[in-house]
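**Student:** One structure coming up, written as structure tokens, with questions to follow.
The values are calculated or read from the model by the stated rules, or taken from the named source; none is laboratory data. Bear in mind that the values here come from a model prediction, so they are computed numbers and not experimental data. Cβ placement follows ideal geometry from the backbone for every residue including glycine, while neighbour counts extend to all protein chains displayed. When the accessible area is computed, the model is the full protein with side chains, heavy atoms only, and any ligands, DNA or RNA have been set aside. Shrake-Rupley method; radii C 1.70, N 1.55, O 1.52, S 1.80 Å.
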Amino acid sequence: MAYRAPVKDMRFVLDAVIGAGRLAATDRFAEATPETVEAVLAEAARLAEAVLAPLRRAGDLEPARLENGVVRTTPGFAEAYRTLADGGWVGIAAPVEHGGMGLPVTLATCLGEMFGSANLALSLCPMLTQGQIEALDHHAPEAIKALYLPKLAAGTWTGTMNLTEPQAGSDVGAVRARAEPRLDGTYAITGQKIFISWGDHDVAENVCHLVLARLPDGQPGTRGISLFLVPKFIPDEGGRPGGRNAVSAVSLEHKLGLHGSRPA
């Protein structure tokens, strides 16, 4: 069955229910005019209906697979993802100073609903990247922001969240992954994570993991856990993907559905 994006319903909620038009009156979201919102929703609907939705069935019939340590995605996924990234859709709410559109999260949420309804397996990739952008923008040092945010906002690199371990799912305090400090200020992360959606793939040039791990002197429970950025390829001096990091996918999860996105 073809997907049809509920643009009219979204406009009603934005305009009549939550009064999102007030955002354009602020300095931060002055660009979010009614005309811009209308154009963004219309183009996002077209992408959801014409680009993402037709690949939904292919994701289940030809699922992601692990070959020689690299996850190969469903045929067509890489091209569809590039369409999203090249159009700036990954960075729709990312800071303008780092290459994003700087539009309200309210509007980005509408797009996420469209893309997820059209093809949830594929849409999880930009969604996770958007979450990483927000986390880094709020908490990362300036040097990390300058290096990673433009790549993430452009969709050239993608982001993940590494929380769950074989013995630590809903009990986050049971995380055993360790972070050992090095003399150069970096950390050596050891441990295993599971259920990492888009933890490896072939649709972008780098995969950046946000990893929960415990310092040697970390307190028991959640208070002793810190968050580390672990790229698949360590950036070189020019900010390009350099040497391969010691992080890899060892298996893919078997699931009842959503095979186009098989967690590593």
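**Student:** Of the conditions (1) touching a Gly at 6+ places or on another chain (Cβ under 6 Å); (2) within 25 Å of LEU149 (Cα to Cα), GLY224 clears all except one; give me its number.
**Tutor:** (2)
**Student:** Filter the range 255-264 for residues that are without any contact (Cβ under 8 Å) to a residue 24 or more places away in the chain and either open to solvent by 60 Å² or more (accessible area, probe 1.4 Å) or of a type in the set (A, V, I, L, M) (or both) and give the result.
**Tutor:** Correct list: LEU256 only.
**Student:** Please go through the range 4-26 and pick out each residue that is among the hydrophobic types (A, V, I, L, M, F, W, C), within 16 Å of ARG46 (Cα to Cα) and in a loop (DSSP other than H, G, I, E, B).
**Tutor:** Answer for the range 4-26, where residues must be among the hydrophobic types (A, V, I, L, M, F, W, C), within 16 Å of ARG46 (Cα to Cα) and in a loop (DSSP other than H, G, I, E, B): just ALA5.
**Student:** In the set ALA168, ALA140, ALA146, ALA179, which member is modelled with pLDDT of 95 or more, farther than 30 Å from ALA5 by Cα and over 20 Å from the mean Cα position of the chain (by Cα)?
**Tutor:** Going through ALA168, ALA140, ALA146, ALA179 in turn, just one is modelled with pLDDT of 95 or more, farther than 30 Å from ALA5 by Cα and over 20 Å from the mean Cα position of the chain (by Cα): ALA179.
**Student:** Where the second residue is of a type in the set (Val, Ile, Thr) and the first is on the phi > 0 side of the Ramachandran plot and lies in the range 75-102, which pairs have Cβ atoms under 7 Å and are six or more apart or on separate chains?
**Tutor:** Every condition considered, the pairs that remain are GLY102/VAL96.
**Student:** Right, another one. Every residue in the range 153-212 that is acidic (Asp, Glu) and either without any contact (Cβ under 8 Å) to a residue 60 or more places away in the chain or touching an Asp or Glu at 6+ places or on another chain (Cβ under 7 Å) (or both), please.
**Tutor:** GLU165, ASP171, GLU180, ASP184, GLU205, listed by residue number.
**Student:** State whether the residues of the range 68-85 include one that is under 30 Å from ASP27 (Cβ atoms) and not aromatic (Phe, Trp, Tyr).
**Tutor:** Looking for residues that are under 30 Å from ASP27 (Cβ atoms) and not aromatic (Phe, Trp, Tyr), one finds at least one in the range 68-85, hence yes.
**Student:** May I ask you to list pairs of residues, at least six apart or on different chains, whose Cβ atoms are under 7 Å apart, with the first in the range 50-61 being loosely packed, with under 15 Cβ neighbours inside 10 Å and the second being not aliphatic (A, V, I, L, M)?
**Tutor:** From the range 50-61, the pairs are ASP60/GLY257; ASP60/HIS259; ASP60/GLY260.
**Student:** If you go through the range 182-201 one residue at a time, do you hit one that is of a type in the set (Asp, Glu) and open to solvent by less than 70 Å² (accessible area, probe 1.4 Å)?
**Tutor:** Looking through the range 182-201, at least one residue is of a type in the set (Asp, Glu) and open to solvent by less than 70 Å² (accessible area, probe 1.4 Å).
**Student:** When the range 202-227 is examined, which residues are found to be within 20 Å of the chain's Cα centre (by Cα), of a type outside the set (A, V, I, L, M) and surrounded by 17 or more Cβ atoms within 10 Å (Cβ to Cβ)?
**Tutor:** Matches in the range 202-227: ASN206, CYS208, HIS209.
**Student:** In the range 65-77, which residues are surrounded by fewer than 16 Cβ atoms within 10 Å (Cβ to Cβ) and of a type in the set (Gly, Ala, Ser)?
**Tutor:** The one that is surrounded by fewer than 16 Cβ atoms within 10 Å (Cβ to Cβ) and of a type in the set (Gly, Ala, Ser): GLY69.
**Student:** Separate question: Return the residue satisfying two criteria in turn: it lies in the range 237-254 and is open to solvent by less than 60 Å² (accessible area, probe 1.4 Å) and assigned to a loop (DSSP other than H, G, I, E, B), and of such residues it is farthest from THR190 (Cα to Cα).
**Tutor:** Selected residue: GLY238.
**Student:** Right, here's the next one. I'd like the full set of residues that are touching a Phe, Trp or Tyr at 6+ places or on another chain (Cβ under 9 Å) and either of a type in the set (A, V, I, L, M, F, W, C) or farther than 15 Å from ALA204 by Cα (or both), limited to the range 61-79.
**Tutor:** Across the range 61-79, the qualifying residues are ALA64, VAL71.
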